[in-house]
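Since the structure comes first, as structure tokens, the remarks are kept for the end.
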Amino acid sequence: MTSTPVLIARNIVKELGEGAAKIVALKGVDITLVPGELTLLMGPSGSGKTTLLSILGCILSPTSGTIEVAGTSTTGLGPEELAELRRRHLGFIFQSYNLFPTLSALENVRIALDVRGDSGYPAAARAEEVLREVGLANRMRNYPGNLSGGEQQRVAVARAIATSPSIVLADEPTAALDSENGHAVMALLSRIAREQNRSVLAVTHDPRTLGYADRVIKIEDGLIVGEDRRPQGLDAPEITDLTKRRKAHA
């Protein structure tokens, strides 16, 4: 596996609102993602983690700072260029699944391929392939209403990886799931990172996810305050307190 970064973000600042109502959601964040790793971004509500995920996914633009995705700088890119970058390199998984209720599991996955311009038999074969990879070989023709929450999230995972993205970004992927399905989805994301050599970043506050992580990043008040790299299978790690470290070197 290569350790060459697939995403580099430097000194990311994001201001929301104006005047007296202005909030600095991110205050100079640095983050690097490499293939083959499942990284967790953890922090309390309002810490800036979802805002950061949206910026890394080229959905929001930072107020300042630089982002490089798969060797391409996003600085100066217009909406169409950013959309093309997302289509080529990024897959997204959401807490609420975001599946179309009138489409089957197979058709929901096909949408991601259609958006990229893939069609015909190769696209259909690819959609079937990824649904088999996530354990839904016998559920492809089912509609979301006939699938459990865990199965719907697996469809969402299949859709995210159908286009073979370099990076998969997941926003609270286990929050709506019970314990069994939450563990199953995290095990799946971990396997995708390692076996498919993708970078997977999951925003979460769910302690059940810790055992699957290669790296845990802690964010508070718009700042990265801790990072821990850990072997898989250990109990929940202690987060290195970077705030204390900064003060010690001040």
Residue under question is R191, and the condition is that it be buried (at least 18 other Cβ atoms within 10 Å of the Cβ) and either under 19 Å from T4 (Cα atoms) or of a type in the set (K, R) (or both); does it hold? no
The residue from L77, L85, L33 that alone is of a type in the set (A, V, I, L, M), surrounded by 14 or more Cβ atoms within 10 Å (Cβ to Cβ) and in contact (Cβ under 8 Å) with a residue 60 or more places away in the chain is L33
L60 vs. criteria crowded, with 18+ Cβ neighbours inside 10 Å and either within 20 Å of P165 (Cα to Cα) or among the aromatic types (F, W, Y) (or both): no
When (1) in a helix (DSSP H, G or I); (2) closer than 15 Å to V34 by Cβ; (3) touching a strand residue (DSSP E or B) at 6+ places or on another chain (Cβ under 7 Å) are applied to R194, the one that fails is (3)
A careful count of residues in the stretch 114-140 that are under 23 Å from P173 (Cα atoms) and more than 22 Å from the chain's Cα centre (by Cα) gives 5
Filtering strands (runs of 3 or more DSSP E) wholly in the stretch 1-77 for at least 2 residues that are hydrophobic (A, V, I, L, M, F, W, C) and farther than 18 Å from L90 by Cα gives 7-16, 23-33
Scanning the stretch 111-133 residue by residue, the ones that are within 10 Å of R159 (Cβ to Cβ) and in contact (Cβ under 8 Å) with a residue 40 or more places away in the chain total 3
Would you confirm whether or not the stretch 100-109 contains a residue that is part of a helix (DSSP H, G or I) and over 21 Å from Q153 (Cα atoms)? no
Practice task
Scan the stretch 129-141 and give yes if some residue there is closer than 27 Å to S3 by Cα and in contact with a Ser or Thr (Cβ under 7 Å, 6 or more places away or on another chain), otherwise no.
Solution key: no
Scanning the stretch 146-183 residue by residue, those at pLDDT below 95, farther than 19 Å from Y212 by Cα and surrounded by fewer than 18 Cβ atoms within 10 Å (Cβ to Cβ) turn out to be S148, G149, S164
Scanning the stretch 141-183 residue by residue, the ones that are outside any helix (DSSP H, G or I), over 15 Å from L90 (Cβ atoms) and more than 13 Å from the chain's Cα centre (by Cα) total 9
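The values are calculated or read from the model by the stated rules, or taken from the named source; none is laboratory data. On a predicted model such as this, the values are computed, not experimentally measured, just so you know. Here Cβ is always computed from backbone atoms with ideal geometry, including for glycine, and neighbour counts include all displayed protein chains.
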